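Below is one structure, written out as structure tokens; comments come after it.
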Amino acid sequence: MNRNIILCIIAALLLAACGSSQKKSEPAAVEAAVIVPIFDADSAYSFVASQVAFGPRVPNSEAHRACGDYLENKLRAYGAEVVAQNVTLTAYNGDKLQARNIIAQFQPQNKKRVMLCAHWDSRPWADSDPDKANHYKPILGANDGASGVGVLLEIARHLSGAPTKVGVDIVLFDAEDYGRHENEPYTGAGMDHSWALGSQYWARFPHKDNYNARYGILLDIVGAPGSTFYREGISDYYAPGIIDKVWAQAAKEGYGSYFINKEGGMVTDDHLYVNDFLGLPCIDIINCDRNSPNGFGPYHHTVKDDMEWIDAATLKAVGQTVLAVVYNEK
């Protein structure tokens, strides 16, 4: 064989070997592991207690005004851009409510967004209390209202120091619990919508024109010991994929005993109007107590809804799950 041809073949083989070696030595691109902050249940518990300390947070009351200021200031201290929707809403009985929806925006410039929400007002009447003498007394609403807000404040605390890959909006709805008193007559389908007045307003008039987010997660009644969160029916109708995502994350975090992957009942809550009016898929994480006549627990809409019904372990299960969902969003 011609000597020059042999030299060319050898050179080609050496180049191929070098190229093969170089390719093998290049490390494959590895996606960085997502670091999810550790949800501090004691901190969330203290946020619930701080709200309860103001007293019943019924619209038009001094406790309501003072707590609203506290929530705004706390969220600003965590670096959020805060918008307050101050609006007069008319209740089913004609009462004029000086209401305030509070919106905290983290990374407002980020077009990829997730919305987390809860209601911060408390029921003006303990109309489910076993003692009829309490039926027109306001409730503290430790679990029914303050628990969800407490979890979101703890999440906000983490968002201030460890930004997510998506923007996050925390929306605190007002006047959710000013619905029809149980002792008053039901006068038609309109009474079904006597609840969730603040979210009805926000869903029609969001804090930003053309507001959009990938999905929303509502937290309501999320603090009682041994709570169980089933797949709420309205959530499953509008956003079954979001329920799948959240419940799967809960199982991964070790909280499958709280998040039961079975059908639950349908609840008229703030998420209904976020879905129906705004078209934003939103789910409701809400306690479903199948041993209770009202489905929520013996404290619900009674004067007993106080800090005795708040359990740090339940707050941890909900908070850590939602944190993990948000921090894994890309």
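The values are calculated or read from the model by the stated rules, or taken from the named source; none is laboratory data. Just so it is clear, the model here is predicted, and its values are computed rather than measured. Cβ: placed from backbone, ideal geometry, glycine included. Neighbour counts: every protein chain shown. Ligands, DNA and RNA are excluded from the accessible area calculation, which covers all protein heavy atoms including side chains. Shrake-Rupley method; radii C 1.70, N 1.55, O 1.52, S 1.80 Å.
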For this session: Compute the separation of the alpha-carbon centres of the stretch 283-330 and the stretch 266-281 and state it in Å as a whole number.
Result: 19
Exercise. Using unit Cβ charges (K, R positive; D, E negative) and no other charged atoms, how large, in debye to the nearest 20, is the dipole of the chain about its Cα centre?
Worked result: 1740
Problem set entry | Charge-dipole axis of the chain as Lys and Arg at +1 and Asp and Glu at -1 on Cβ define it, positive-most pick from F229, A248, N294 | A248
Problem set entry | Residue-averaged 222 nm ellipticity for the chain, from DSSP H runs of 4+ at -39500 (n - 2.57), nearest 500 | -11000 deg cm²/dmol
Exercise. In debye, nearest 20: dipole of the stretch 106-199 around its Cα centre with unit charges on the Cβ of K, R (+) and D, E (-)?
Worked result: 680
Seminar exercise, completed: Out of Y273, A126, Y327 - ranked by how far each Cα lies towards the positive end of the dipole of the chain, with unit charges on the beta-carbon of charged residues - the top one is Y327
Seminar exercise, completed: For the stretch 47-93, inverting the pair-averaged 1/r of distinct alpha-carbon atoms gives a Kirkwood value in Å of 12.0
Exercise. Which residue fluctuates the most in the chain, going by a Gaussian network model with Cα springs under 10 Å, if the choices are A142, A126, A84?
Worked result: A84
Exercise. Of T88, T187, T302, which is the most mobile in a GNM of the chain whose springs link Cα atoms less than 10 angstrom apart?
Worked result: T187
Seminar exercise, completed: Rounded to the nearest 10 degrees, the helix 41-53 long axis (Cα) sits at an angle to the longest Cα principal axis of the chain of 30
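Given the stretch 61-178, what whole percent of its Cα pairs are spread farther than 22 Å? Intermediate values should be presented prior to the final figure.
Working: 2653 of 6903 pairs.
Of all Cα-Cα distances in the stretch 61-178, 38 percent exceed 22 Å.
Could you give the dipole magnitude of the stretch 193-330 about its Cα centre, charging the beta-carbon of Lys and Arg +1 and that of Asp and Glu -1, in debye to the nearest 20?
Values: 11 positive and 17 negative charges, 78 e Å.
Computed charge dipole of the stretch 193-330: roughly 380 debye.
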Exercise. Ignoring ligands, DNA and RNA, what percent of the accessible area of the stretch 148-270 is carbon or sulfur (1.4 Å)?
Worked result: 49
For this session: Over all alpha-carbon pairs in the chain, figure out the percentage whose distance exceeds 33 Å.
Result: 28
Problem set entry | Label point 7 Å beyond Cα of E184 along Cβ direction - residues of the stretch 40-72 with amide nitrogen under 16 Å | 58-60
For this session: Give the peptides 199-211, 45-57 in descending order of average Cβ contacts within 10 Å, highest first.
Result: 45-57, 199-211
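What whole-number value in Å² describes the accessible area per residue of the chain for a 1.4 Å probe?
Values: 14690 Å² over 330 residues.
For the chain, the per-residue accessible area is 45 Å².
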For this session: Kindly write out, for the stretch 239-244 in residue order, the coupling ³J(HN,Hα) from the Karplus curve 6.51 cos²θ - 1.76 cosθ + 1.60 (θ = phi - 60°), rounded to whole Hz, with x marking Gly and Pro.
Result: 9, x, x, 6, 4, 3
For this session: Among A44, N73, L152, flag the residue with its Cα farthest along the positive direction of the charge dipole of the stretch 25-180, charges on Cβ as +1 for Lys/Arg and -1 for Asp/Glu.
Result: N73
Problem set entry | Exposure rank, largest accessible area first [H193, H271, H135; 1.4 Å] | H193, H135, H271
Exercise. Amide H to amide H under 5 Å from I260: which residues, 5+ apart in sequence or cross-chain, H placed 1.01 Å off N in plane?
Worked result: F229, Y230
Exercise. If amide H atoms are built 1.01 Å from N in the plane of the peptide, which residues on other chains or at least 5 residues away come under 5 Å of the amide H of I217?
Worked result: M115, L116, C117, I283
